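Working notes, structure below.
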Amino acid sequence: MNRILFGGILAMLTASAAPAQTVPDKPVSIVLVHGAFVDASGWKSVYDILTRDGYEVLVVQNPTITLEGDVEATKQVIAKASKPVVLVGHSYGGAVITEAGADPKVRSLVYLAAFAPDVGESVFELATRPVPGEPSPPLLPPSDGFIIVDPAKFPAAFAPDGDPATVRFMAASQVPWGLGAIQPKLTQAAWKDKPLRFMLTTQDHMIPPTTQRFMAARAKAKTVEIASSHAVMLSHPEEVAAFIEGAAADMK
(Lines give C-alpha, C1' and ligand atoms only; values in the text may rest on other atoms or scores of the structure.)
Protein backbone atom coordinates (compact mmCIF):
# COMPACT_ATOMS: atom_id res chain seq x y z
CA MET A 1 0.00 0.00 0.00
CA ASN A 2 1.18 3.49 -0.77
CA ARG A 3 2.93 4.82 2.33
CA ILE A 4 1.26 8.20 2.11
CA LEU A 5 -2.19 6.62 1.78
CA PHE A 6 -1.45 4.20 4.63
CA GLY A 7 -0.27 7.07 6.82
CA GLY A 8 -3.43 9.01 6.12
CA ILE A 9 -5.66 6.05 7.03
CA LEU A 10 -3.67 5.43 10.20
CA ALA A 11 -4.01 9.08 11.23
CA MET A 12 -7.79 8.95 10.72
CA LEU A 13 -8.09 5.76 12.75
CA THR A 14 -5.96 7.22 15.53
CA ALA A 15 -8.06 10.39 15.61
CA SER A 16 -11.32 8.44 15.73
CA ALA A 17 -10.01 6.31 18.59
CA ALA A 18 -8.88 9.30 20.65
CA PRO A 19 -11.23 10.29 23.48
CA ALA A 20 -13.40 13.31 22.69
CA GLN A 21 -12.63 16.51 24.52
CA THR A 22 -15.39 17.12 27.05
CA VAL A 23 -16.23 20.15 29.13
CA PRO A 24 -16.49 19.34 32.84
CA ASP A 25 -20.01 19.50 34.23
CA LYS A 26 -20.64 22.63 36.25
CA PRO A 27 -22.04 22.34 39.80
CA VAL A 28 -24.92 24.67 38.91
CA SER A 29 -28.14 24.29 36.91
CA ILE A 30 -29.54 27.22 34.93
CA VAL A 31 -33.28 27.68 34.40
CA LEU A 32 -34.38 30.12 31.68
CA VAL A 33 -37.79 31.84 31.85
CA HIS A 34 -39.08 33.76 28.84
CA GLY A 35 -41.30 36.82 28.85
CA ALA A 36 -44.53 37.96 27.23
CA PHE A 37 -45.53 37.78 23.54
CA VAL A 38 -42.88 35.15 22.74
CA ASP A 39 -42.07 31.55 23.60
CA ALA A 40 -38.98 29.78 24.89
CA SER A 41 -37.37 29.40 21.44
CA GLY A 42 -35.83 32.86 21.86
CA TRP A 43 -33.33 31.31 24.28
CA LYS A 44 -31.80 29.03 21.61
CA SER A 45 -28.50 30.88 21.12
CA VAL A 46 -27.98 31.43 24.86
CA TYR A 47 -28.92 27.80 25.57
CA ASP A 48 -26.34 26.58 23.04
CA ILE A 49 -23.56 28.63 24.62
CA LEU A 50 -24.37 27.60 28.19
CA THR A 51 -24.66 23.90 27.37
CA ARG A 52 -21.43 24.06 25.37
CA ASP A 53 -19.78 25.45 28.48
CA GLY A 54 -20.91 22.47 30.55
CA TYR A 55 -24.05 23.73 32.31
CA GLU A 56 -27.25 21.81 32.79
CA VAL A 57 -29.78 24.21 31.23
CA LEU A 58 -33.53 23.82 31.58
CA VAL A 59 -36.01 26.00 29.70
CA VAL A 60 -39.50 26.94 30.90
CA GLN A 61 -42.33 27.19 28.37
CA ASN A 62 -44.78 29.56 30.04
CA PRO A 63 -48.37 29.90 28.78
CA THR A 64 -48.36 33.58 29.92
CA ILE A 65 -52.08 33.34 30.69
CA THR A 66 -51.87 33.78 34.46
CA LEU A 67 -49.01 34.66 36.77
CA GLU A 68 -49.98 31.76 39.03
CA GLY A 69 -49.80 29.30 36.13
CA ASP A 70 -46.42 30.58 34.97
CA VAL A 71 -45.00 30.42 38.48
CA GLU A 72 -46.20 26.83 38.79
CA ALA A 73 -44.71 25.90 35.40
CA THR A 74 -41.40 27.41 36.51
CA LYS A 75 -41.44 25.57 39.84
CA GLN A 76 -41.98 22.30 38.01
CA VAL A 77 -38.85 22.90 35.92
CA ILE A 78 -36.84 23.98 38.98
CA ALA A 79 -37.78 20.65 40.58
CA LYS A 80 -36.22 18.80 37.63
CA ALA A 81 -32.85 20.52 38.00
CA SER A 82 -30.18 18.21 39.37
CA LYS A 83 -28.14 20.99 41.01
CA PRO A 84 -28.64 24.33 42.77
CA VAL A 85 -30.31 26.77 40.40
CA VAL A 86 -29.53 30.12 38.83
CA LEU A 87 -32.99 31.34 37.83
CA VAL A 88 -33.04 33.68 34.82
CA GLY A 89 -35.99 35.80 33.69
CA HIS A 90 -36.43 38.04 30.68
CA SER A 91 -39.06 40.80 30.59
CA TYR A 92 -42.29 39.53 32.21
CA GLY A 93 -40.26 36.45 33.14
CA GLY A 94 -38.68 38.64 35.80
CA ALA A 95 -42.00 38.79 37.64
CA VAL A 96 -42.27 35.01 37.36
CA ILE A 97 -38.81 34.41 38.85
CA THR A 98 -39.48 36.98 41.57
CA GLU A 99 -42.30 34.77 42.84
CA ALA A 100 -40.95 31.32 41.90
CA GLY A 101 -37.44 32.18 43.08
CA ALA A 102 -38.47 31.75 46.70
CA ASP A 103 -37.95 28.02 46.09
CA PRO A 104 -35.03 26.93 48.32
CA LYS A 105 -33.36 25.22 45.37
CA VAL A 106 -32.87 28.65 43.75
CA ARG A 107 -29.61 30.25 44.91
CA SER A 108 -29.31 33.22 42.56
CA LEU A 109 -31.50 35.37 40.29
CA VAL A 110 -30.70 37.01 36.95
CA TYR A 111 -32.96 39.69 35.46
CA LEU A 112 -32.59 40.56 31.78
CA ALA A 113 -34.51 43.71 30.77
CA ALA A 114 -37.04 42.40 33.25
CA PHE A 115 -39.74 43.34 35.70
CA ALA A 116 -38.80 42.90 39.35
CA PRO A 117 -41.98 43.62 41.33
CA ASP A 118 -42.16 43.97 45.09
CA VAL A 119 -44.62 42.14 47.32
CA GLY A 120 -48.08 43.61 46.77
CA GLU A 121 -47.08 45.09 43.41
CA SER A 122 -48.20 43.97 39.94
CA VAL A 123 -46.53 44.03 36.57
CA PHE A 124 -49.27 46.42 35.48
CA GLU A 125 -48.22 48.97 38.10
CA LEU A 126 -44.58 48.85 36.97
CA ALA A 127 -45.46 48.85 33.28
CA THR A 128 -47.56 51.99 33.65
CA ARG A 129 -45.06 54.04 35.67
CA PRO A 130 -44.74 57.46 34.00
CA VAL A 131 -41.40 57.89 32.22
CA PRO A 132 -41.43 61.22 30.31
CA GLY A 133 -39.24 61.24 27.25
CA GLU A 134 -38.99 57.46 26.89
CA PRO A 135 -41.08 55.37 24.49
CA SER A 136 -43.85 53.09 25.69
CA PRO A 137 -44.64 49.72 24.09
CA PRO A 138 -47.13 49.82 21.19
CA LEU A 139 -49.72 47.54 22.77
CA LEU A 140 -53.12 47.02 21.20
CA PRO A 141 -56.21 47.33 23.44
CA PRO A 142 -57.11 44.14 25.36
CA SER A 143 -59.25 41.63 23.49
CA ASP A 144 -60.98 38.77 25.31
CA GLY A 145 -58.65 39.21 28.27
CA PHE A 146 -55.40 39.26 26.31
CA ILE A 147 -53.07 41.85 24.82
CA ILE A 148 -50.49 41.79 22.02
CA VAL A 149 -48.01 44.22 20.51
CA ASP A 150 -49.14 45.91 17.32
CA PRO A 151 -47.59 43.50 14.75
CA ALA A 152 -46.62 46.35 12.42
CA LYS A 153 -44.70 48.06 15.23
CA PHE A 154 -43.34 44.92 16.91
CA PRO A 155 -39.96 44.79 15.10
CA ALA A 156 -39.02 48.37 15.93
CA ALA A 157 -40.25 48.11 19.52
CA PHE A 158 -39.13 44.63 20.51
CA ALA A 159 -35.94 43.80 18.60
CA PRO A 160 -34.76 46.37 16.03
CA ASP A 161 -31.22 44.98 16.41
CA GLY A 162 -32.29 41.38 15.80
CA ASP A 163 -32.32 39.40 12.56
CA PRO A 164 -35.09 41.09 10.53
CA ALA A 165 -36.63 37.87 9.19
CA THR A 166 -36.67 36.30 12.65
CA VAL A 167 -38.22 39.38 14.24
CA ARG A 168 -40.91 39.62 11.56
CA PHE A 169 -41.83 36.02 12.29
CA MET A 170 -41.93 36.77 16.02
CA ALA A 171 -44.34 39.61 15.31
CA ALA A 172 -46.61 37.31 13.32
CA SER A 173 -46.43 34.44 15.84
CA GLN A 174 -47.00 36.42 19.04
CA VAL A 175 -48.29 34.62 22.12
CA PRO A 176 -51.11 36.76 23.59
CA TRP A 177 -50.38 37.98 27.13
CA GLY A 178 -53.17 37.35 29.60
CA LEU A 179 -54.47 40.06 31.90
CA GLY A 180 -54.33 37.33 34.54
CA ALA A 181 -50.56 37.52 34.30
CA ILE A 182 -50.33 41.31 34.29
CA GLN A 183 -52.74 42.35 37.02
CA PRO A 184 -52.12 40.04 40.02
CA LYS A 185 -50.01 41.40 42.86
CA LEU A 186 -47.00 39.37 43.90
CA THR A 187 -47.02 37.55 47.23
CA GLN A 188 -43.24 36.95 47.39
CA ALA A 189 -40.16 38.84 46.25
CA ALA A 190 -37.20 36.47 46.08
CA TRP A 191 -34.79 39.32 45.29
CA LYS A 192 -35.09 40.48 48.90
CA ASP A 193 -33.31 37.38 50.17
CA LYS A 194 -31.11 36.14 47.33
CA PRO A 195 -28.20 37.54 45.31
CA LEU A 196 -29.20 38.95 41.96
CA ARG A 197 -27.86 40.49 38.80
CA PHE A 198 -29.68 42.84 36.47
CA MET A 199 -28.81 43.46 32.81
CA LEU A 200 -30.30 46.83 31.89
CA THR A 201 -31.00 47.45 28.19
CA THR A 202 -30.47 51.11 27.38
CA GLN A 203 -32.16 51.02 23.94
CA ASP A 204 -35.30 49.31 25.24
CA HIS A 205 -38.68 50.39 23.82
CA MET A 206 -40.72 47.83 25.78
CA ILE A 207 -39.61 48.42 29.39
CA PRO A 208 -38.16 51.94 29.64
CA PRO A 209 -34.56 52.09 30.91
CA THR A 210 -35.67 54.46 33.68
CA THR A 211 -38.10 51.84 34.98
CA GLN A 212 -35.45 49.14 34.78
CA ARG A 213 -32.98 51.36 36.64
CA PHE A 214 -35.54 51.98 39.39
CA MET A 215 -36.19 48.26 39.88
CA ALA A 216 -32.50 47.31 39.80
CA ALA A 217 -31.61 49.99 42.36
CA ARG A 218 -34.49 49.05 44.63
CA ALA A 219 -33.42 45.41 44.60
CA LYS A 220 -29.76 46.38 45.18
CA ALA A 221 -28.83 44.33 42.13
CA LYS A 222 -25.38 43.93 40.65
CA THR A 223 -26.19 45.85 37.47
CA VAL A 224 -24.67 46.00 34.00
CA GLU A 225 -25.97 48.30 31.25
CA ILE A 226 -25.84 47.23 27.63
CA ALA A 227 -26.73 49.15 24.46
CA SER A 228 -29.39 46.72 23.35
CA SER A 229 -33.05 46.48 22.47
CA HIS A 230 -35.49 44.61 24.68
CA ALA A 231 -34.62 41.27 23.07
CA VAL A 232 -31.08 41.23 24.41
CA MET A 233 -30.81 37.41 24.32
CA LEU A 234 -31.34 37.57 20.54
CA SER A 235 -29.00 40.44 19.72
CA HIS A 236 -26.29 39.81 22.34
CA PRO A 237 -26.33 36.09 23.22
CA GLU A 238 -22.61 35.91 24.07
CA GLU A 239 -22.87 38.81 26.52
CA VAL A 240 -26.03 37.40 28.06
CA ALA A 241 -24.50 33.94 28.49
CA ALA A 242 -21.39 35.45 30.09
CA PHE A 243 -23.58 37.49 32.44
CA ILE A 244 -25.46 34.37 33.53
CA GLU A 245 -22.23 32.44 33.94
CA GLY A 246 -20.97 35.23 36.17
CA ALA A 247 -23.95 34.68 38.46
CA ALA A 248 -23.23 30.96 38.45
CA ALA A 249 -19.60 31.58 39.36
CA ASP A 250 -20.68 33.76 42.29
CA MET A 251 -22.43 30.72 43.79
CA LYS A 252 -19.20 28.78 44.31
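The values are calculated or read from the model by the stated rules, or taken from the named source; none is laboratory data. These numbers come from a predicted model, not from an experiment. Counting neighbours? That spans all protein chains shown, and the Cβs are built from the backbone with ideal geometry, glycine included. Just the protein is used for accessible areas: all its heavy atoms, side chains included, with ligands, DNA and RNA removed. Shrake-Rupley method; radii C 1.70, N 1.55, O 1.52, S 1.80 Å.
Values for this structure:
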| quantity | calculated |
| --- | --- |
| Selection status of PHE198, surrounded by 15 or more Cβ atoms within 10 Å (Cβ to Cβ), touching a strand residue (DSSP E or B) at 6+ places or on another chain (Cβ under 6 Å) and closer than 28 Å to GLU121 by Cβ | yes |
| Conditions (1) under 14 Å from the mean Cα position of the chain (by Cα); (2) surrounded by 24 or more Cβ atoms within 10 Å (Cβ to Cβ); (3) outside any strand (DSSP E or B): number failed by VAL71 | (1) |
| Search result, residues across the range 127-159 that are out of contact with any Asp or Glu (no Cβ under 9 Å at 6 or more places or on another chain) and of a type in the set (A, V, I, L, M) | ALA127, VAL131, ILE147, ILE148, VAL149, ALA152, ALA156, ALA159 |
| Residue check for MET251: open to solvent by 30 Å² or more (accessible area, probe 1.4 Å), closer than 28 Å to GLY54 by Cα and either of a type in the set (A, V, I, L, M, F, W, C) or more than 17 Å from the chain's Cα centre (by Cα) (or both) | yes |
| Neighbours by Cβ (under 8 Å, 6+ apart or cross-chain): first from the range 67-92, among the acidic types (Asp, Glu); second modelled with pLDDT of 95 or more and in a loop (DSSP other than H, G, I, E, B) | GLU68/PRO184; ASP70/ASN62; ASP70/PRO63; ASP70/THR64 |
| Some residue of the range 216-226 being open to solvent by less than 40 Å² (accessible area, probe 1.4 Å), polar (S, T, N, Q) and touching a Phe, Trp or Tyr at 6+ places or on another chain (Cβ under 9 Å) | no |
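Conditions (1) touching a Gly at 6+ places or on another chain (Cβ under 6 Å); (2) surrounded by fewer than 18 Cβ atoms within 10 Å (Cβ to Cβ); (3) part of a helix (DSSP H, G or I); (4) charged (D, E, K, R), marked per residue:
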{"position": "TYR111", "(1), (2), (3), (4)": "yes, no, no, no"}
{"position": "ALA114", "(1), (2), (3), (4)": "yes, no, no, no"}
{"position": "LEU126", "(1), (2), (3), (4)": "no, no, yes, no"}
{"position": "PRO137", "(1), (2), (3), (4)": "no, no, no, no"}
{"position": "ALA157", "(1), (2), (3), (4)": "no, no, yes, no"}
{"position": "GLY162", "(1), (2), (3), (4)": "no, no, no, no"}
{"position": "ALA171", "(1), (2), (3), (4)": "no, no, yes, no"}
